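K.L.:
Have a look at the structure that comes next, please.
Readers should treat all values here as calculations from the given coordinates under stated rules, not as data from a laboratory. What you see is a predicted model, and the numbers here were worked out from it, not measured in a lab. Cβ sites come from the backbone with ideal geometry, for glycine too, and all protein chains shown count toward neighbours.
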Amino acid sequence: MRIVAVEPILLRGQQGYGASAGGEEASDNGDWQLVVRVATDEGLVGWADVETLAPAAVAVIAGQGMSILGFRTLSEMLVGEDPLQVERLWDRMYVGSAYYGRRGLAMQCMSAIDNCLWSIRAQAAGMPLAALLGGRRRESVVAYASTLFRETPDGMREAALGYVARGFRAVKFGWGVFGEDPGRDRELVAAAREALGPDRALLVDPGWYPAGWKRWGEPRSRREALAMCEWLAAHGVGWVEDFIHPEDFEQYAWVRANSPVPIAAGEQVATHWEFERFIRQGCVDVVQPDLSRCGGITVARRVAQLAQEAGIDLVPHSWLTHLLTGYSLQLLATLPRARFVEFNVSQSLLTRGITTQPFRLEADGTVAIPDAVGIGVGVDEDFIRAHRVN
Ligand SMILES: [Mg+2]
C-alpha cells in the first residue's frame, strides 16, 4: 500500500472564539479549521483535525518545499511511502521539517498526519485503533464538560446547572475573564462549586497569560501561582491546569511540590523528548498531551508509558472536533487508568459540523468508546466541501 495524497483542507466558518457573559455556551475556534486527509492507493483514507494556525498549515503540508533536507513539506516526505510504517514516517517528517519545525506549527501538522496514519493502519488491520495500540481495557470513560469561564457568578451558576441537567459528573471552566479581578475569580469559582454540589468534579484552567487578554504575557510569580492553588483547593477543585509559562518546567515542579491541589498540564508540550523531561522533573499530577499538537498517537502512546512509570494520570487535552475526541478515546481505552475524557461542549458550528457521529453523554455521565474499525468517527464530506476555501 502507498500514500497517494496528503491533503490539507482549510475550512472557513463565521463564528469567533469567545466566552459568553451569561449562562449561554461559549464558542471554540469557529472562524478557521484545518482537517487533514491522507489517502492511499488501496482506498483507505485517514482523517484528522488539527489545532494550529490553519491558513499557514496548508503551506507546511502541501506548499512549496526546498531542495535541502530540513526544509521539505510534509506531503513531499510521505507521498509514495507505505502508510503502515507509521513510526518510521514520523521520524522522516521530523527530519524533513527539522529547520522550520520540531515544535509548533510543523509538529501540529505532523500530529494530524500521524493520527491519520494510525487510523489507516487500524483500518488495514481490520481493528479498532485501541486494539492495535495494545488492547481495550474499558467500554466508556467519564466525560468532563469543557468550557470557558462566564463573566458573572449568575452566569457560572446557570452554566453549571445546565451541565448537571445534561448528566455531567465533572466540569472544567477555563480562561475567559479569569485572572482579571481576583475577587471576582473567587466568586465565579464559588458559584460553580455551589451549583455542582459536593460530589461532582470541578476543574479549573486559569490560563497561563493571567488577567485575560488585558495584561497578557505577564506571568504569575511562583508565589502567586501557589497562592492561587491554595485558594482553589479550598473550593475542592479537582485539578488546576496549565497556569504557568509552558517553558518553565522548574516552576511547575516547585508549585506542584507545594500545592495542596493536583496540577494538570502538558497541552503545550510536544515530542516524547520534551514529555520525558516534563514528567521526570515532577511537573504534574495529570499529564495532558493534545493528540493534535504533541506529535500524534506515536508520541502520546510513549507519554502513556512515561505516565504509568511515574505514577501519574494521563487525560488527553481534547477541545476541538469529535475526530480528536475519537482519537483520544481510543488512547484512553488502552490506559491502565483513565479518569476522564475531555468533552468539548463549546463546539462552534464549524467544529461540530465536521463529524457525522457526534459523541453523546450516557445517563451515567460517561461517553462510550467506539469499538468499530479505525476510530469509529465519520466525517461529513458534504459539510467539508461546503466550507472549504483552498
Ligand atoms: Mg487547558
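K.L.:
Multiply the residue gap between residue 362 and residue 95 by 0.36 nm, knock off their C-alpha separation, and tell me the result in nm, one decimal place.
P.N.:
Details: separation 267, 0.36 × 267 = 96.12 nm, distance 4.34 nm.
Once the chain is fully extended between residue 362 and residue 95, it gains 91.8 nm.
K.L.:
Here's something else I'd like to know. For residue 59 and residue 103 in one chain, what is 0.36 nm times their gap in residues minus the Cα-Cα distance, to one decimal in nm?
P.N.:
On the way: separation 44, 0.36 × 44 = 15.84 nm, distance 1.60 nm.
Gain in length upon complete extension: 14.2 nm.
K.L.:
Which order, highest average first, do 251-261, 287-297 follow once you tally other Cβ atoms within 10 Å for each residue and take the mean per peptide? Please list the in-between numbers first.
P.N.:
On the way: 251-261: 18.0, 287-297: 29.0.
With the highest mean Cβ count within 10 Å placed first, the list reads 287-297, 251-261.
K.L.:
Relative contact order of region 3-126: what whole-number percent is it, with Cα pairs under 8 angstrom and at least 6 residues apart? Numbers along the way, then the final one.
P.N.:
Values: 234 pairs, mean separation 33.6, N = 124.
That works out to 27 percent.
K.L.:
So how tilted is helix 322-334 from the main axis of the chain? Cα-based, degrees 0 to 90, rounded to 10.
P.N.:
90 degrees
K.L.:
Taking the Cα atoms of region 3-126 alone, what are Rg (to one decimal) and Dmax (as a whole number) in Å?
P.N.:
When restricted to the Cα atoms of region 3-126, Rg and Dmax are 15.9, 54 Å.
K.L.:
Mind jotting down the distance between the C-alpha centroids of region 15-40 and region 256-281, whole Å?
P.N.:
Spelled out, the Cα-based centre of one part sits 26 Å from the other.
K.L.:
Once phi is turned into θ = phi - 60°, what whole-Hz ³J(HN,Hα) does the Karplus curve with 6.51, -1.76 and 1.60 give for every residue of region 197-208, x standing for Gly and Pro?
P.N.:
Whole-Hz 3J(HN,Hα) from phi for region 197-208: x, x, 9, 9, 6, 10, 10, 10, 10, x, x, 9.
K.L.:
Out of 132, 182, 108, whose Cα points farthest toward the positive end of the dipole of region 102-227 (charges: +1 Lys, Arg; -1 Asp, Glu; placed on Cβ)?
P.N.:
Farthest along the dipole direction, towards plus: 132.
K.L.:
Based on alpha-carbon positions alone, could you give the equivalent ellipsoid semi-axes of region 68-154 from the gyration tensor, as √(5λ), descending, whole Å? The partial results should precede the final answer.
P.N.:
Details: eigenvalues 195, 114, 15 Å².
Over the Cα atoms of region 68-154, the ellipsoid semi-axes are 31, 24, 9 Å.
K.L.:
Based on Cβ point charges of +1 for Lys and Arg and -1 for Asp and Glu, what charge dipole magnitude is obtained for region 132-381 about its Cα centre, in debye rounded to the nearest 20?
P.N.:
Values: 27 positive and 32 negative charges, 78 e Å.
The dipole magnitude comes to about 380 debye.
K.L.:
Angle check, please: helix 182-196 long axis (alpha carbons) against the longest principal axis of the chain (alpha carbons), in degrees 0 to 90, nearest 10.
P.N.:
Between the helix axis and the principal axis of the chain, the angle is about 80 degrees.
K.L.:
Rounded to the nearest Å, what's the spacing between the alpha carbon centres of region 74-123 and region 154-170? Just the number, please.
P.N.:
A separation of 40 Å, based on Cα centres.
K.L.:
Return the long-range amide H neighbours of residue 174 (sequence gap of 5 or more, or a different chain), with a cut-off of under 5 Å between placed amide H atoms.
P.N.:
147, 148, 149, 205
K.L.:
Once the convex hull of the alpha carbons of region 290-356 is built, what does its volume come to per residue, in cubic angstrom?
P.N.:
Numbers: hull volume 5.6 nm³, N = 67.
With only Cα atoms used, region 290-356 gives 83 Å³ per residue.
K.L.:
If we sort 71-78, 314-321, 227-234 on the protection proxy, mean other Cβ atoms within 10 Å, highest first, what's the order? Could the numbers behind the result be given before it?
P.N.:
Values: 71-78: 21.6, 314-321: 26.9, 227-234: 17.2.
Averaged packing, sorted descending, gives the order 314-321, 71-78, 227-234.
K.L.:
In sequence order, what are the phi-derived ³J(HN,Hα) couplings for region 131-148 according to the Karplus relation 6.51 cos²θ - 1.76 cosθ + 1.60 with θ = phi - 60°, rounded to whole Hz, with x for glycine and proline?
P.N.:
5, 5, 7, x, x, 8, 9, 7, 9, 7, 9, 5, 9, 10, 5, 10, 8, 9
K.L.:
Also, quick follow-up: Give me the percent relative contact order of the chain, please, defined on Cα pairs under 8 angstrom at least 6 residues apart. If you can, show how the numbers build up before the last one.
P.N.:
Details: 911 pairs, mean separation 80.5, N = 390.
Value for the chain: 21 percent.
K.L.:
What are the ³J(HN,Hα) couplings of region 118-124, residue after residue, when phi is run through the Karplus curve with 6.51, -1.76, 1.60 and θ = phi - 60°? Round to Hz, x for glycine and proline.
P.N.:
5, 4, 5, 4, 5, 4, 5
K.L.:
Also, quick follow-up: Determine the gain in length on full extension of the stretch residue 21-residue 79; use 0.36 nm per residue of separation and subtract their C-alpha separation, reporting nm with one decimal. Please list the in-between numbers first.
P.N.:
Details: separation 58, 0.36 × 58 = 20.88 nm, distance 4.73 nm.
Between residue 21 and residue 79, full extension yields 16.2 nm more.
K.L.:
For region 318-375, give the magnitude of the charge dipole about the Cα centre (Cβ charges: +1 Lys/Arg, -1 Asp/Glu; no others), in debye to the nearest 20.
P.N.:
Working: 4 positive and 4 negative charges, 23 e Å.
So the magnitude is around 120 debye.
K.L.:
Ok, one more. Comparing 160, 363, 21, which has the greatest mean-square fluctuation in the GNM of the chain with Cα pairs linked when under 10 Å apart?
P.N.:
Of 160, 363, 21, the most mobile in the Gaussian network model is 363.
K.L.:
Packing-wise, with mean Cβ within 10 Å as the measure, how do 24-31, 379-386, 276-283 rank, highest first?
P.N.:
Numbers: 24-31: 19.0, 379-386: 14.1, 276-283: 17.2.
For the peptides 24-31, 379-386, 276-283, the packing ranking is 24-31, 276-283, 379-386.
K.L.:
Once the Cα atoms of region 244-365 are picked out, what are the Rg and Dmax in Å?
P.N.:
Over region 244-365's Cα set, Rg and Dmax evaluate to 14.8, 45 Å.
K.L.:
In 20 Å bins starting at zero, report the fraction of Cα pairs in the chain per bin as a rounded %.
P.N.:
Reading the bins upward from 0: 29, 60, 11, 0.
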